[in-house]
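Presented below is the structure to which this report refers.
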Amino acid sequence: MDDVKTPSSEERKSALSGLGTSRKRVEDARFTQGKGNYVDDIKLKGMLFGDFVRSPVAHAKIKKIDTSAALALPGVHAVLTAADLEPLGLHWMPTLAGDKQMVLADGKVLFQGQEVAFVVGDDRYAVADGVALVEVEYDELSVVTDPFKAEMENAPILREDIADQKEGAHGPRRHPNHIFTWESGDKEGTNKVLDEAEVVADEMVYYHRTHPCPLETCGCVASMDKVNGKLTVWGTFQAPHAVRTVASLISSIPEHNIRIISPDIGGGFGNKVGVYPGYVCAIVASIVTGVPIKWVEDRMDNLMATAFARDYWMHGKISATKDGKITGLWCHTTADHGAFDACADPTKFPAGFMNICTGSYDIPVAYLAVDGVYTNKAPGGVAYRCSFRVTEASYFIERMIEVLALKLGMDSAELRSKNFIKKEQFPYTSALGWEYDSGDYHKAWDKALEAVNYKKLREDQAKQLELFKSGKSRKLMGIGLSHFTEIVGAGPVKNCDILGLGMFDACEIRIHPTGSAIARLGTISQGQGHATTFAQILASEIGIPASDITLEEGDTDTAPYGLGTYGSRSTPVAGAATAMAGRKIRAKAQMIAAYLLEVHDDDLEWDVDRFVVKGAPEKFKTMKEIAFASYNQAIPGVEPGLEAVSYYDPPNMTYPNGAYICVMEIDVDTGVSEIKKVYALDDCGTRINPMIIEGQVHGGLTEALAISMGQEIAYDEQGNVMTGTLMDFFVPTAWETPNYETDFTETPSPHHPIGAKGVGESPNVGGVSAFSNAVHDAFKPFGLTQAHMPHDHWRVWKIAKDLGLHN
Amino acid sequence: MIPSAFSFYKPDNLQKAINLIADFGDEGRVIAGGHSLIPVMKQRLTDIKHLIDLSAINELKGIKIKGSSISIGAMTTQVELITNAELFKVAPVIREASLQIADPQVRNLGTIGGNVANGDPANDMPGLMQLLDATYTINGKNGVREIKAREFYEGAYFTAREDDEILVSISFNSPIGGYAYEKQKRKIGDYATAAAGVILSVDNGVCSSASIALTNLSDTPIYCSDAVSMLIGKQIDDSLLSEVTKSCVEQSDPVADQRGPVEFKKYVAGIVVNKALNRAFDRS
Ligand SMILES: Cc1cc2nc3c(=O)[nH]c(=O)nc-3n(C[C@H](O)[C@H](O)[C@H](O)COP(=O)(O)OP(=O)(O)OC[C@H]3O[C@@H](n4cnc5c(N)ncnc54)[C@H](O)[C@@H]3O)c2cc1C
């Protein structure tokens, strides 16, 4: 009998390596053997190189640019300045945030490192010599790096091009250095609640400027083929399709004649969402010279000039009853955007999803206002491993909870528990208008507290405090708590677009005659492991082993249109498209199977990798058989082939959440902190690949550790970047990275086809609060309420000093 | 980050190197491990026309130990200083200090000669050489001369070595007593926020000889002579050690940078000196 040999459903399921399998990353064989193909690996015939002359000063008029010495240098082919780009209308370009940005300095410079001229030459060496020979005369202007000073009456005017413009892309402007005011929620209602509240905590929380600093910096190779009029650009693009559309709009090259390719990308973290002057200059230079042009920035360029993250001054007020029931939340944020508003947010959200700042709590009324301000700093404001300002929002509320707990004299774990949105309240509409899809915060919180033995930790902490007070130790122990709710998977086209492009995503599947497949998506992996996980989604949907499915992304000539990878949107949006396309394949496969088995469609049921006739398990057709049949059978009413495409417009965001706890020991004399424990519980809904989730959590926690404990982009008052190399810009090595304990609960998203919510960014969002809260918690007994990050040695030392802990 | 063009020479003996550097004058520069020089060349903070690589000169390599006298060739790498078992026996403080320099990749190439010749106040070895009261042997077109490490450093990147001289070797006597090199830094691969080395011999609780030196707390390494005289001949106890620490801190003159303001660095100077004193005392 046939069915004796047939493996069981379970066996066949596990052979697929589908959902829930810790399948090894298929990308790693290539990366670990140095066989990746990054932008800088691309070498084309006749290719020239380009690099920038950058401004050494933060604010100045440009009196003169003399390119003659550079042009006279053998090996230098061209030097572009704003004057050369102006006739093409490319000396400025639109930003993703509705502002415009200089491609090359047009009469003035506004930040240190700004692109002034683009030198093109035979190789990097000739170009570097050429760059050194371009003479620029600067007439220095006064500099403002403090967003509060920028809005003062006598502040230097930065953007003279729009000084008199009273209306910006997001409403009225009240000062030449003011960009926008964005409001959300109920102002009057919130003020009223605050006025009448029993307890109000009021605090300024600063989330400092930092930088995503991917291992691979930004770059591109632009190649204009003058014979066929086709422009091909290989680049470090997190959103290749959007780049193609934008490139077409600003260059007037028809979109079908532009091909954007994102090859392997060595980390993005939001840094590679923006459109940079280097891309525009490389394209123009390729058009001018008729040969391919490569531009790849170095580490110092990357830190100094490409998109930073955060830099939010968040003033908050939170009110509660005496017994700790939160009644209202108010927040005013001053957002330092640097010289141009080049934030990468959905168009209608100039402060991203900052209005998720009510966090995991059931807060009846809230109000948020954000003022964007220009300063003499680099532009950017990208979502560094987070979904559009959700880290800022989450850090804000998690600090406010701590400050409120202090005021109430209440344990902050208990305060959180008392105010969490309850399981039965989902779907929950927040005071600032989001519909949280699902969650079980209490379950996660209780699990976390139990896992770390919270009560015992507090006892240990008290003992350590006694040792400190009695002079037996100079160390304090801090317990950092954090519960976060993310908002990812942007997003529903009804309210999410970038430059008018709806933020759906897509997947196209083609099943080959022998039953293997290729799937192409509108996203692009930068290390997340899409080729591994999306194949797993499909394996479970269509019954073809993950190892028989090729995943391709990043080539706009072949992949379906999508908005790219950032903001944890790949799984919630493109992952959903993948599942939906898989279901279309299955629907057609069912018709084919019915024809082959000579039964009605409805007489079949799906069983892992095959359609089986109901009640007759010996009669079935495997997906492999169906695939072949689709190529060789003339089935009446059914087109040949087995392909599907799905464009998925998500009905809602997804809301991953989690509970993180960090235990830290701090030496009050040296300011050195030692991480004793990091526990991270994530609820990202359905878990596609637990091993990849764990890897993502480790990576995100390490970035969170960096940000909270030392990583920053610092400027002095003259606008000089003080953290321009990896000596001063903190990127943890294995030595600084602690051990992580990961855990999970699983509350599937009710609206996502497979219930997945996204996880790549959660650990950065939740981690920063856990680390920072641990520092604050250590000094709580001595009256610390708020100390700004990063908590590097000297700043921690300063906390201790200001609290009188040094003698 | 591309340096300006230079020509490259790799002489295979010391005399050839001396001749080359004499010919080129201040347009020439020797390169050892390159881990201080190449970064400044890449940032075009220095313009060098002729680069003379010392790595093929065997006379400049190796560790020689004769009884209590130790001589280390300038081109000896930091990793050799760490792994040489004989050296550890006679001067264990060198391993303790070297392990706190940068990271393994840097130490595989970085040399003791480059480290002390560079004149960077952030480097650890100049401080270590103050501690050991080392003597530098220097050779140039005008012949060989010796100079004490404690007289070598004049200011940041300014030393008593002339541009056309090459550091050949470093010699010192095996230190006696307890030792410690204590360094606070922000992360692996970082220079010191503050660092201190101590050597201490104690007879019946009384200090018989001592040396103390500081790193990255002034524009040159510091030998703490006042503090040393406070120690010698005295009964060692906590209050003496804290007086000694105070004296060291007074001698420091750090500058503010991303590691922190002056006040913080002075405070940490006190901490590292005190820790080094105590550890050296425990080991004495
Ligand atoms: C990331 C990083 C972190 C670091 N951290 C530390 C640290 O924590 N502590 C520390 O001490 N060092 C640190 N260093 C510096 C490192 O130890 C260098 O290797 C060392 O300072 C210089 O040695 P070198 O052999 O590389 O010399 P090079 O870089 O080749 O030369 C340095 C200078 O000395 C001159 N020079 C070299 N040899 C001779 C000679 N024989 N005679 C005359 N002049 C000579 C050269 O002309 C040059 O001016 C770090 C370096 C890096 C890149």
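Table for the structure above
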{"quantity": "Separation between Cα centres of the stretch A:543-561 and the stretch A:181-249, rounded to whole Å", "calculated": "27 Å"}
{"quantity": "Contact order normalised by residue count of chain A, Cα under 8 Å, 6+ apart, percent", "calculated": "16 percent"}
{"quantity": "Euclidean distance of C-alpha centroids, the stretch B:41-70 and the stretch A:420-445, integer Å", "calculated": "65 Å"}
{"quantity": "Fluctuation leader among B:Arg186, B:Arg150, B:Arg29 - chain B, Gaussian network, Cα springs under 10 angstrom", "calculated": "B:Arg186"}
{"quantity": "Antiparallel bridge percentage (DSSP; both residues within the protein assembly as shown; nearest 5)", "calculated": "80 percent"}
{"quantity": "Rounded, prolate or oblate (a/c below 1.5 giving rounded, otherwise prolate when a/b exceeds b/c) for the stretch A:107-223 by Cα gyration tensor", "calculated": "prolate"}
{"quantity": "Sum of side-chain charges, A:Ser646 neighbourhood, beta-carbon under 9 Å (Lys, Arg +1; Asp, Glu -1)", "calculated": "+1"}
{"quantity": "Residues whose placed amide H lies under 5 Å from that of B:Val202, excluding near-sequence neighbours", "calculated": "B:Gly178, B:Ser208"}
{"quantity": "Degrees, to the nearest 10: B:14-24 long Cα axis against longest axis of chain B", "calculated": "70 degrees"}
{"quantity": "Buried on assembly, the stretch A:687-723 (at least 20 Å² less accessible surface than by itself, 1.4 Å probe)", "calculated": "A:Met722"}
{"quantity": "The stretch A:302-461, accessible surface, carbon-and-sulfur percent (1.4 angstrom probe)", "calculated": "53 percent"}
{"quantity": "Max mean-square fluctuation residue, GNM over chain B, Cα-Cα springs under 10 Å, options B:Gly67, B:Gly197, B:Gly177", "calculated": "B:Gly67"}
{"quantity": "Net charge of Cβ neighbours under 11 Å - reference A:Arg510; Lys, Arg +1; Asp, Glu -1", "calculated": "-2"}
{"quantity": "Reduction of at least 30 Å² in accessible surface, 1.4 Å probe, comparing all protein chains with the chain by itself, residues of the stretch B:247-270", "calculated": "B:Gln258, B:Pro261, B:Glu263, B:Phe264, B:Tyr267"}
{"quantity": "Mean-position separation - Cα centroids, the stretch A:375-403 and the stretch B:93-116, in angstrom", "calculated": "40 Å"}
{"quantity": "Interface area, A with B, accessible, probe 1.4 Å, both sides summed, Å² nearest 100", "calculated": "2200 Å²"}
{"quantity": "Local electrostatic count, B:Asp219, Cβ distance below 12 Å [Lys/Arg +1, Asp/Glu -1]", "calculated": "-3"}
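The values are calculated or read from the model by the stated rules, or taken from the named source; none is laboratory data. What you see is a predicted model, and the numbers here were worked out from it, not measured in a lab. When we count neighbours, we look across all protein chains shown, and the Cβ atoms used for this are built from the backbone with ideal geometry, even at glycine. Please note that ligands, DNA and RNA were not included when accessible areas were found on the heavy atoms of the full protein model with its side chains. Shrake-Rupley method; radii C 1.70, N 1.55, O 1.52, S 1.80 Å.
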